[in-house]
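Chemist: Dropping a structure here in structure tokens format, bear with me for questions.
The values are calculated or read from the model by the stated rules, or taken from the named source; none is laboratory data. What you see is a predicted model; the values in this text were computed from it and never measured. Here the Cβ is made from the backbone with ideal geometry for all residues, glycine too, and neighbour counts use every protein chain on show.
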């Protein structure tokens with residue numbers, strides 16, 4: 001099994017290209033199920049999760065063709081076509097590998113009138129039930145049955161009908177499934193308290209480019225007027241705001257300066273505000289964002305919340321960076337109840353962190369020390385890499401398959417800006 005080896009202490013400096021967003025790509029790919037024409041996605045990141053989702057679509061009858069990229073380039077183009085849906089069953093052996101697989105439920109139900117999808121897997125960062133997905137689909141006329149670990153959904157008349165649904169709590173995945181289901185339903189659908197994440201806007205933009213009718217994009221009130229059919233298109237995946245934020249933390253924790261090429265400030269205002277509060281210098285230019293460290297890092301008080309608040313996917317990376325701040329920082333995790341699994345591993349590297357339920361107190365230390373550590377989930381993995389970049393001595397991060405799910409060629413990008421980092425294979 002591969003590991004990432006790091007020799008810490010280097011100040012990172014240079015440019016890092018920001019790849020297409022993982023969370024957007026996994027939302028846009030199932031849109032291929034909504035049309036019998038070709039859908040081409042550009043700037044698709046080369047990630048394990050993207051490959052897994054591609055294999056799932058293949059099982060459902062979607063053909064996929066990937067165009068290669070030149071050496072040194074990132075992203076790729078994938079053309080998908082679901083001329084016919086060969087199967088409406090997303091099996092356990094595929095869905096268990098990645099929670100986002102549940103996003104085939106809405107589009108399959110909308111197009112084929114039925115779908116059977118295994119209950120999902122993914123990172124073990126807390127209880128993430130899909131009840132809101134199912135209740136939203138029921139509001140569109142779907143009949144839902146849970147049996148033997150599968151969700152069996154059907155549209156009694158062969159097609160869903162428009163309806164109104166108010167999410168009791170904001171849910172990104174449920175909003176995405178409801179959107180993809182509603183776009184081919186008869187009549188009007190209104191979604192209240194819908195998620196507002198940039199990835200939701202990206203999905204809406206793609207559906208509109210395919211012929212969908214959606215208003216309210218970027219707000220919590222989405223209105224979808226169903227259409228008879230959607231057509232194919234070519235669409236570019238948005239840049240990954242979480243990857244950009246992660247590398248911004250790399251600049252901060254190493255006292256460096258990085259140009260995040262392609263990063264979009266409007267997608268990551270809460271992250272940028274927190275970086276600024278931490279004492280980092282932000283400069284915006286026509287190619288992206290420059291993040292530079294100037295002096296000691298300042299402690300912060302942060303609480304995660306749905307967009308436009310501070311993203312839960314940035315909590316672990318900020319915790320690693322704040323381990324080097326001058327003073328005590330306070331973090332509160334409001335989205336998932338089990339998202340501090342990186343803390344014991346950071347402690348192995350001399351971090352001083354106290355956990356009290358969903359709150360954490362990070363006591364800044366003068367020195368982090370290298371150690372062998374174990375990744376527990378995707379963003380936790382990145383926090384350990386960040387700590388390793390700043391630590392004295394050598395760090396080895398095990399279970400890097402978590403990293404491969406969400407960071408395209410991480411060691412290559414970090415090496416190019418001065419990090420001493422490499423991938424090692426056991427045996």
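Chemist: Scan region 392-427 residue by residue and report those that are at positive phi and modelled with pLDDT of 95 or more.
Modeler: Hits for region 392-427 are 393, 418.
Chemist: Can you tell me which of 14, 20 is closer than 29 Å to residue 374 by Cα, touching a residue at least 12 places away in the same chain (Cβ under 8 Å) and either buried (at least 18 other Cβ atoms within 10 Å of the Cβ) or assigned by TED's automatic domain parsing to the domain that holds residue 205 (or both)?
Modeler: 20
Chemist: Could I ask something else about it? Condition first: modelled with pLDDT of 90 or more, out of contact with any strand residue (DSSP E or B) (no Cβ under 7 Å at 6 or more places or on another chain) and within 21 Å of residue 403 (Cβ to Cβ). Now tell me which residues in region 49-84 satisfy that.
Modeler: Residues satisfying the conditions are 49, 51, 52, 53, 55.
Chemist: Tally up the residues in region 65-103 that are over 22 Å from the mean Cα position of the chain (by Cα) and either at negative phi or touching a residue at least 12 places away in the same chain (Cβ under 8 Å) (or both), please.
Modeler: Count: 16.
Chemist: If I filter region 332-342 for residues that are within 19 Å of residue 252 (Cα to Cα), touching a strand residue (DSSP E or B) at 6+ places or on another chain (Cβ under 8 Å) and crowded, with 17+ Cβ neighbours inside 10 Å, do I get at least one hit?
Modeler: no
Chemist: With region 143-198 as the region, which strands (runs of 3 or more DSSP E) entirely inside it contain at least 2 residues that are assigned by TED's automatic domain parsing to the domain that holds residue 305 and more than 30 Å from residue 271 (Cα to Cα)?
Modeler: Per the criteria, no element qualifies.
Chemist: In region 293-305, is there at least one residue being more than 18 Å from residue 14 (Cβ to Cβ) and under 17 Å from the mean Cα position of the chain (by Cα)?
Modeler: Yes, the conditions are met somewhere in region 293-305.
Chemist: Within region 237-245, does at least one residue satisfy the condition of being touching a residue at least 24 places away in the same chain (Cβ under 8 Å) and farther than 25 Å from residue 30 by Cα?
Modeler: Yes, some residue in region 237-245 is touching a residue at least 24 places away in the same chain (Cβ under 8 Å) and farther than 25 Å from residue 30 by Cα.
Chemist: I'm told residue 9 meets every condition in (1) touching a strand residue (DSSP E or B) at 6+ places or on another chain (Cβ under 7 Å); (2) on the phi < 0 side of the Ramachandran plot; (3) not assigned by TED's automatic domain parsing to the domain that holds residue 180 except one. Can you identify the failing condition by its number?
Modeler: It fails just one condition, (2).
Chemist: Continuing with this model, one more query. With respect to the numbered conditions (1) closer than 21 Å to residue 21 by Cα; (2) modelled with pLDDT under 95, which one is the sole condition not fulfilled by residue 87?
Modeler: Going through (1) closer than 21 Å to residue 21 by Cα; (2) modelled with pLDDT under 95 one by one, residue 87 breaks only (1).
Let's see how each residue does on (1) surrounded by fewer than 23 Cβ atoms within 10 Å (Cβ to Cβ); (2) touching a helix residue (DSSP H, G or I) at 6+ places or on another chain (Cβ under 6 Å):
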| site | (1), (2) |
| --- | --- |
| 157 | yes, no |
| 166 | yes, no |
| 177 | no, yes |
| 185 | no, no |
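Chemist: Scan region 281-288 and give yes if some residue there is farther than 30 Å from residue 169 by Cα and in contact with a helix residue (DSSP H, G or I) (Cβ under 7 Å, 6 or more places away or on another chain), otherwise no.
Modeler: Checked region 281-288: at least one residue is farther than 30 Å from residue 169 by Cα and in contact with a helix residue (DSSP H, G or I) (Cβ under 7 Å, 6 or more places away or on another chain).
Chemist: OK, next. Collect the residues in region 184-215 that are free of Cβ contacts under 8 Å to residues at least 12 places away in the same chain and more than 18 Å from residue 39 (Cα to Cα), keeping them in residue-number order.
Modeler: Hit for region 184-215 is 215, nothing else.
Chemist: Is there a residue being at positive phi and outside the structural domain of residue 140 (by TED's automatic domain parsing) anywhere in region 260-283?
Modeler: Yes, the conditions are met somewhere in region 260-283.
Chemist: Something else now. Provide a single number: the residues in region 389-413 that are in contact with a helix residue (DSSP H, G or I) (Cβ under 9 Å, 6 or more places away or on another chain), over 23 Å from residue 100 (Cβ atoms) and crowded, with 24+ Cβ neighbours inside 10 Å.
Modeler: Qualifying residue count, region 389-413: 4.
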